[in-house]
Amino acid sequence: VRIAFFQFCPTLHDKTDNLRRIRQALAHVEADLLVLPEMCTTGYLFPSKEALAAAAEPVPGPSTDALLKLSRERNTAIVFGLPERAGDRVFNSAALVTPQGDCHVYRKAHLFLDEKDLFAPGDLPFPVFEYAGTKVGMLVCFDHFFPEAARCLALKGAQVICHCANLVLDVAQTTTRSRAIENRVYWILANRTGFETLGKSTLHFTGASQVVAPDGAILCHASADADEVCIVEIDPVRALDKHATPRNDLFQDRRTDLYPPTLR
Ligand code: ACM
């Protein structure tokens, strides 16, 4: 199975341009699963809830339709971040679209900083989806700070965690490696690059996307500031084996008798 990310700097509030650039980047990608950054169709900063709601779309909707079409053309499942409108709420979501026409969604559970003023917190209990015989979970950016999120996905059988990000801190390369090791899963961190300014606020996004193997090996990584595609061949079967040593299965060795009910 060939997995990939496309790290880039989305054009703020310009879906047409971002979808064009994603299409252009994919023209050179032969992969089974490609992951894109958080909010990659619109960019990250919005001046108000109203502006965000105007840019947000239902899933499925126009942007998912465009990427479903691209997925079919390129024979590549695509995970991408977008603002999702559902009734009068807007979620910071990731969608998985497949060449077979499936469209799945995950809604960011752990909102970061001022996202708390703009988005509704995710209400989906870490769903896992099967694609091409592999179980896939999605997370969005700040979710990486919460080991429970990845653990929920892994306990449900996720072999590959697709992590759409707009990181502004520099710890995710470490945390995602830990999450991969402790859950024995593959991890695709697709971060963005560049700056965004809105009023007095400027954010610098830190790139350095990476793919991590279940033993913590970094299979590929990107620079801090360039548009980059990375593609690696993985064996998802490896993520079914939870042994850290011959006598330590990390799932069977969990002491659920000692953990509080919420962590079992
Ligand atoms: C983040 O959650 N976008 C840092």
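The values are calculated or read from the model by the stated rules, or taken from the named source; none is laboratory data. As the structure is a prediction and not an experimental result, all values here were calculated from the model. Every residue, glycine as well, gets a Cβ built from its backbone with ideal geometry; the counts of neighbours run over all protein chains shown. Keep in mind that these areas ignore ligands, DNA and RNA; they rest on the heavy atoms of the full protein, side chains included. Shrake-Rupley method; radii C 1.70, N 1.55, O 1.52, S 1.80 Å.
Got a sec to turn the phi values of the range 7-14 into Karplus ³J(HN,Hα) couplings, 6.51 cos²θ - 1.76 cosθ + 1.60 with θ = phi - 60°, whole Hz, x for Gly and Pro?
Taking θ as phi minus 60°, the curve returns 8, 7, 10, x, 7, 5, 6, 9 Hz for the range 7-14.
Step through the table entries Lys49/Lys69; Lys69/Lys116; Lys116/Lys200, compare each Cα-Cα distance with 26 Å, and write down the pairs that go over it.
Working: Lys49/Lys69 30 Å; Lys69/Lys116 33 Å; Lys116/Lys200 18 Å.
The answer is Lys49/Lys69; Lys69/Lys116.
I'd like the isolated cysteines in the chain, meaning no second cysteine's beta-carbon lies under 4.7 angstrom from theirs.
Cys9, Cys40, Cys103, Cys141, Cys152, Cys162, Cys164
Name the most mobile residue of Val237, Val128, Val168, meaning the one with the largest mean-square fluctuation, in a Gaussian network model of the chain with Cα contacts below 10 Å.
Maximum fluctuation in the GNM of the chain, among the listed residues, is at Val237.
For the range 74-140, what does the accessible surface come to per residue with a 1.4 Å probe? Please give it in Å².
I get 38 Å² per residue for this part.
Listed highest first by mean packing, meaning other Cβ atoms within 10 Å per residue, what order do 215-222, 77-84, 4-11 come in? Write down the numbers at each step before the final one.
Numbers: 215-222: 15.4, 77-84: 26.8, 4-11: 25.2.
Result, highest mean first: 77-84, 4-11, 215-222.
How large is the accessible surface per residue of the range 147-264, computed with a 1.4 Å probe and reported in Å² as a whole number? Before the final figure, lay out each step's value.
Values: 5750 Å² over 118 residues.
Averaged over the residues of the range 147-264, the accessible area is 49 Å².
Which lysines have a Cα lying under 28 Å from the Cα of Lys242, excluding residues fewer than 8 positions away in the same chain?
Within reach: Lys108, Lys135, Lys156.
Running a GNM on the chain with Cα contacts under 10 Å, which residue among Ala165, Ala25, Ala54 ends up with the highest mean-square fluctuation?
Between Ala165, Ala25, Ala54, it is Ala54 that shows the largest mean-square fluctuation.
Apply the Karplus parameterisation 6.51 cos²θ - 1.76 cosθ + 1.60, with θ equal to phi minus 60°, to every residue of the range 170-187 and state each ³J(HN,Hα) to the nearest whole Hz, in sequence, with x for glycine and proline.
10, 9, 5, 5, 7, 5, 5, 5, 4, 4, 5, 5, 6, 10, 6, 10, 7, 10
Just to confirm a number: summing +1 for Lys and Arg and -1 for Asp and Glu over residues other than Val79 whose beta-carbon lies under 15 angstrom from that of Val79, what do you get?
0
Name the residues whose placed amide hydrogens come within less than 5 Å of the amide hydrogen of Glu57, ignoring near sequence neighbours (fewer than 5 apart) on the same chain.
When sequence neighbours closer than 5 places are left aside, the close amide H contacts are Glu84, Arg85.
Over the range 1-49, with a single point scatterer placed on each C-alpha, what log10 of the ratio I(q)/I(0) does the Debye formula yield at q = 0.19 1/Å?
Values returned for q = 0.19 Å⁻¹ are -0.62.
So how exposed is Glu148, as accessible area in Å² (1.4 Å probe, rounded to 10)?
Answer for Glu148: close to 90 Å² accessible.
Got a number for carbon plus sulfur as a percent of the range 222-264's accessible area, 1.4 Å probe?
Using a 1.4 Å probe with all protein chains present, the range 222-264 comes out at 53 percent carbon and sulfur.
Mind giving me the nanometre distance, one decimal, between the label points for Asp123 and Asp102, set 7 Å out from Cα along Cα→Cβ?
Each label point is offset 7 Å from its Cα along the Cβ direction, giving 2.4 nm.
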